[in-house]
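See below for the structure under consideration.
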Amino acid sequence: MENAKLILDGKTFELPILIGTEGEKAIDILKLRAESSYITFDPGFGNTGACKSAITFIDGEKGILRYRGIPIEQLAEKSTFVETSYFLINGKLPTKTELKQYSLSFTRSAKLHKDMKKMFAGYPSSAHPMAVLSAMVCSLSGFHPELTKLNPSADDIQGMAAQLLSKVRTISAYSYRKSVGKPFLEPRDDLAYIPNFLHMLFSTPRKEYKIHEDVVKALQTLFILHADHEQNCSTSAVRLVGSSKANLFASVSAGVCALWGPLHGGANEEVVEMLEEIYRSGGKVEKFIEKAKDHTGNYRLMGFGHRVYKNYDPRAKIIKERAHALLKKMGIHDPLLDIAVRLEEIVLKDEYFVTRKLYPNVDFYSGLIYKAIGIPTNMFPVLFAIGRLPGWIAHWKEMREDKDSRLGRPRQIYTGDKIRDYVPIEQRK
Ligand code: ACO
């Protein structure tokens, strides 16, 4: 393919064209600033490729999501979260022996340093678990300095990934137990990843939590569906921080903070709050839809819309089915699920949402599953973070191994004052 041509101030610039394996095209503007005085302007990076990546492919127009080539539907049906995380991070499906070793490394890494456990006591019980999670993830660099080498080997990265994936589960469970004033429980060596998490969340020193197979399956699916989503806000944050050669824990902690926001991973919390508000108002779905369409306020229907998907989010389709199945199996009738279904039905026919291609996203039904399991609303983004961890680690690793990766440093168009003189305080009005 020919180079793209850009004419600026009468001069023609030849810009190389890059083509991905799925035919995605990009104009390479890397040299434009050096050869002209122009930068490109793209607030929110909606049309900017920041890297080449072999991890995840999304076609937002067609509603396609694949991890390293495998459709998300197949992984959600057949894989486990631990296997999917190995696959995302290492780029190949593990053999039986590799998976066994990998799971074993999680078991060995599950416990927190005794001094780290004391840190939870310093937080008020009202602390949001995402505040605790981000701080604790970053603190892992302090408790495990041996894992923060400037140039880690492939084995070092494997070790860090196991520590992080395993410890995040323990940290998350402890931040929940702290918030409800319950004592911490040690992880158990005999339990798999998700049952061990449920044990640390819900068992008591006297009574073991009864592991429900359907609950494990539902969480397994949710974690797999959240495991990666290419250059989203939190993954870009991890890459940006990691581009300065910050260690994995510091970089991932930035991802947790980015995920917390209500426009990103915090939306699942907001969805359930919105559905509860609709319920309290007597189920007047139409009133809330009208409010979201009115641009005089800032109100939005949470769980609708996506920067990339301009078709039904493939993850939302699977999660909707799982939410119905789990609630039915557990004999739960949640009026919020009825409201969600009605809201979706009306929205999908409403011209405002149709013309803007606003469909339910991954967060719309996930909260209803967490709620059915007994997980409180403020823990929803924490569960999203556990799920997204393999993706963050895979991107951090990919960037470290990419010889072309550079320090992240966007440009800007300055719109402030031109040069002016400092005014001494006595002369200011
Ligand atoms: N409710 C009502 N209107 C909406 C919504 C919504 N949920 N989402 C977008 N719109 C409207 C906007 O007002 C805008 O209308 P206009 O063209 O008349 O000005 C138009 O649709 C385009 O919206 P943008 O904000 O430009 O779209 P963008 O791609 O920047 O935003 C986002 C995507 C942030 C996800 C947005 O759809 C939103 O705020 N959704 C609600 C929050 C949410 O569910 N977030 C989770 C996303 S999934 C994830 O991150 C894991």
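Taking the helices alone, the chain has a mean residue ellipticity at 222 nm of -16000 deg cm²/dmol, built from -39,500 (n - 2.57) per DSSP H run of at least 4 residues and averaged over all its residues.
Distance between the 7 Å Cα→Cβ label points at residue 299 and residue 21: 4.6 nm. For the chain, a simple Cβ point-charge model (Lys and Arg +1, Asp and Glu -1, everything else neutral) yields a dipole of about 900 debye relative to the Cα centre.
Annotation: peptides 342-353, 62-73, 125-136, ranked by per-residue average of other Cβ atoms within 10 Å with the highest first, follow the order 125-136, 62-73, 342-353. Structure note, pairs 284/320; 78/329; 62/320; 62/96: Cα-Cα distances above 30 angstrom occur for 62/96.
Magnitude of the charge dipole for segment 267-373, about its Cα centre and with charges confined to Cβ atoms of Lys, Arg (+1) and Asp, Glu (-1), is about 340 debye.
Between residue 93 and residue 419, the FRET efficiency estimated from the beta carbon spacing at R0 = 56 angstrom works out to 0.40. When the C-alpha to C-alpha distance is required to be over 30 Å, the pairs from 92/328; 25/149; 117/397; 114/207; 114/210; 111/217 that qualify are 92/328; 25/149. Sorting 47-56, 28-37, 226-235 by their mean Cβ neighbour count within 10 Å, with the most densely packed peptide first, gives 226-235, 47-56, 28-37. Along its first, second and third principal axes, ordered by size, the chain spans 77, 65, 56 Å in Cα coordinates.
Evaluated with a Cβ-only charge set (Lys, Arg +1; Asp, Glu -1), segment 3-64 carries a dipole of roughly 160 debye about its Cα centre, given to the nearest 20. Shown in residue order for segment 295-306 are the 3J(HN,Hα) couplings computed by the Karplus curve 6.51 cos²θ - 1.76 cosθ + 1.60 at θ = phi - 60°: 7, 6, x, 9, 5, 10, 7, 6, x, 10, x, 7 Hz (x for Gly and Pro).
The numbers here are math on the coordinates, done by the rules we state, and not lab data. This is a predicted model, so every value here is computed, not measured. Please note: Cβ atoms are built from the backbone with ideal geometry, for glycine as well, and neighbour counts cover all protein chains shown.
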